[in-house]
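Here is the structure we will look at, set down as structure tokens.
The values are calculated or read from the model by the stated rules, or taken from the named source; none is laboratory data. The structure presented is a predicted model; accordingly, all values stated were derived computationally and were not measured. Note that each Cβ is placed from the backbone with ideal geometry, even for glycine, and that neighbours are counted across all protein chains shown.
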Amino acid sequence: MPLFRMVAATAAELPEAVALCCGPRHVTYTQLVADAGRLAAWLSSLGLAPGDRLAVLLPNSIELVTVILAACRAELVLVPLLLDAPPTRQAEIIGQTGARGLVLASGLGAAIPAETREQLAVTVCLGRPEPGTVGYDSFFAHTPSAPVPRSTVPDPICLLVYTSGSTGRPKAVAHTQERLARRVEAFVQALGVTADTTVAVFAVHRPVVLVFQVLAMLRQGGTVVLAENPDPAAFWRLYGEVRPGYCLVMPSYARKLFADPAAARVDHSRLRFWLSGGDAPGQALYEASRRITGRPYCNLYGLTETGLVAVVAPSETDKPGCVGRPVGDVSMRLVDDAGQGVPEGSPGRLLVTSANMMAGYFNDTMATHRAIGTGWYDTGDCMRRDAEGDYWFLGRSGDIIVRHAVQVAAALVADVLAGYPGVAEAVVVGAPDAEAGQVPVAFYRTAGPDPGAETLLRYLADRVDALSVPVACLAIAQWPVTPRGKTDRQQLTALAVKCLGRVRGDV
């Protein structure tokens, strides 16, 4: 239970410091550790044993963090469920992981099919108990009669997080306590997180990001402010009240925030940096952060399988678009299609290795062997490395457009296009073409008058090679996003195909 001990050590040093805030409520480190320990004992008394999977369907809340720590203390395996997933998906995850317990908020019972809930040994309900559940608050009255059982496994699995499915059927990625604890240490060292820091953590669609961010702050003795994603006006009110040291926000959400007039009216004096992950922020977001808040927008790079891989430190943010350098014990290398290393500055597929990567895919030995059997994990992302050792994200391997057998880096073309005055953001996708195989199509969003497609195409023609010039530049008012907040490139590709078909008279 190293993760629980890690937070307990902080509580011993800073017993009365505020650990968590959510709305008008807050808890100290002493109270948080005591509640998590009591909850762990209560869950054990209900029949949950070390190694049992505990599914969790809760909003950002003090109770969510308490359950996370209690699961670590009882050496249960946490299985986070997404609030917006359909009931069929929730049932699949519970069934595939063999979860024996479930903690959910009152009113969310309909999100779990009745036949699935009947298979669970324990269902705990936060708030007004629903039929067939045990009230969450019951643990406050529980007096432990025996020590919480311990696992016989040296480094037990503590977390199962599903991949997004962007590269195939979603798989449950297993993380262990020791590995997660070491990744937390690497993160706080890389970003210089200290005990006097307050971080605002908003709802994210990657549970591992939430767990990781909360544990990192609790490791250092700072304060975590938890909230769902409010509208921009409500966000800036909360921001002004808590005055965080940094904020973790996804790029799609950050764009809405910086577009709100309130962004320029609040006090940013305690803010050190913005932190982004999950999608490329884009040049416009870097500039907006500097212009409006006077603080850098730092990018971190990681995957569900590897955890945090690289980060741009707040002191090294003069390279918009860069994902930074490896953190902790992470090693990165770039290879070509034959698996050979590529020269400095050349694009290559990123391989990652670390002693703290995933333990494997849950109950899938063959998939685990294919993914990390060599000791290196193939991310499927295309990057380049500059002379200073910084890595630059160029896109997924699937985002590399092959036009007349020549590779076109979509992200590089988009970055050039975003450099045109008045273009706020740009994305380039590949559309199928009978003659060329694929052709690049650019989408752009403006921050003022539209310069027009012809002007932008001439601008690109002067700055990129001929095969990298898109066949069309299409203005878009708002980016389509996936349920996880990333730019939905599949929707853009479908729109590109449709628009090209109209131009050619195919539709």
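Key figures for this structure:
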read-out	value
The lone exception for Val242 - which of (1) closer than 20 Å to Ser61 by Cβ; (2) touching a strand residue (DSSP E or B) at 6+ places or on another chain (Cβ under 6 Å); (3) crowded, with 19+ Cβ neighbours inside 10 Å; (4) not acidic (Asp, Glu) it fails	(3)
Members of the range 122-154 that are closer than 27 Å to Ala359 by Cβ, under 31 Å from the mean Cα position of the chain (by Cα) and either part of a loop (DSSP other than H, G, I, E, B) or among the basic types (Lys, Arg) (or both)	Arg150, Ser151, Val153, Pro154
Entirely in the range 1-61, the strands (runs of 3 or more DSSP E) that have 3 or more residues that are closer than 23 Å to Ala174 by Cα and in contact (Cβ under 8 Å) with a residue 12 or more places away in the chain	53-57
Filter pass, Pro421 being assigned to a loop (DSSP other than H, G, I, E, B) and over 24 Å from Ala310 (Cβ atoms)	yes
Lone qualifier among Asp364, Asp329 - being more than 15 Å from Asp378 (Cα to Cα), within 23 Å of the chain's Cα centre (by Cα) and among the charged types (D, E, K, R)	Asp329
Long-range neighbours under 6 Å by Cβ, at least six apart or interchain, first residue in a strand (DSSP E or B) and small (Gly, Ala, Ser) within the range 312-325, second modelled with pLDDT of 70 or more and surrounded by 20 or more Cβ atoms within 10 Å (Cβ to Cβ)	Gly324/Ala310; Gly324/Val311; Gly324/Val312
Check on Gly345, in a strand (DSSP E or B), touching a strand residue (DSSP E or B) at 6+ places or on another chain (Cβ under 8 Å) and among the small types (Gly, Ala, Ser)	no
Of all residues in the range 222-239 being closer than 14 Å to Val199 by Cα and aliphatic (A, V, I, L, M), the one that is surrounded by the fewest Cβ atoms within 10 Å (Cβ to Cβ)	Leu238
Test for Leu351: is it at pLDDT 95 or above, touching a Leu at 6+ places or on another chain (Cβ under 7 Å) and not in a loop (DSSP other than H, G, I, E, B)	no
Residues being outside any helix (DSSP H, G or I), among the hydrophobic types (A, V, I, L, M, F, W, C) and within 23 Å of Gly419 (Cα to Cα) - total across the range 244-267	2
Matching entry among Arg270, Arg291, Arg295 (being among the charged types (D, E, K, R), assigned to a helix (DSSP H, G or I) and either touching a residue at least 12 places away in the same chain (Cβ under 8 Å) or over 30 Å from Tyr361 (Cβ atoms) (or both))	Arg291
Residue count for the range 358-389, restricted to those that are touching a Phe, Trp or Tyr at 6+ places or on another chain (Cβ under 6 Å) and not small (Gly, Ala, Ser)	4
Exclusive hit being charged (D, E, K, R), modelled with pLDDT of 90 or more and assigned by TED's automatic domain parsing to the domain that holds Thr379, set Arg291, Arg295	Arg291
Residue within the range 470-489 that is surrounded by 13 or more Cβ atoms within 10 Å (Cβ to Cβ), outside any loop (DSSP other than H, G, I, E, B), aliphatic (A, V, I, L, M) and in contact with a Lys or Arg (Cβ under 8 Å, 6 or more places away or on another chain) present	yes
Residue in the range 437-451 that is assigned to a loop (DSSP other than H, G, I, E, B), assigned by TED's automatic domain parsing to the domain that holds Ala254 and charged (D, E, K, R) present	no
Complete set of residues in the range 88-111 that are in contact with a strand residue (DSSP E or B) (Cβ under 7 Å, 6 or more places away or on another chain) and assigned to a loop (DSSP other than H, G, I, E, B)	Gly98, Ala99, Arg100, Ser106, Leu108
Val402 being more than 23 Å from Phe258 (Cα to Cα) and part of a strand (DSSP E or B)	yes
Pair list, Cβ < 7 Å and 6+ apart or interchain, from the range 326-338 residues that are of a type outside the set (A, V, I, L, M, F, W, C) to residues that are assigned to a loop (DSSP other than H, G, I, E, B) and surrounded by fewer than 21 Cβ atoms within 10 Å (Cβ to Cβ)	Asp329/Ala355; Asp336/Val342
For Thr88: the one exception among (1) within 30 Å of Glu241 (Cβ to Cβ); (2) within 25 Å of the chain's Cα centre (by Cα)	(1)
The range 424-436 - residue that is assigned to a strand (DSSP E or B) and not acidic (Asp, Glu) and, of those, surrounded by the fewest Cβ atoms within 10 Å (Cβ to Cβ)	Pro432
One residue from Asp415, Asp433, Asp390, Asp462 being acidic (Asp, Glu) and touching a Cys at 6+ places or on another chain (Cβ under 8 Å)	Asp390
Failed item in (1) in a strand (DSSP E or B); (2) without any contact (Cβ under 8 Å) to a residue 60 or more places away in the chain, with Thr379 passing the rest	(2)
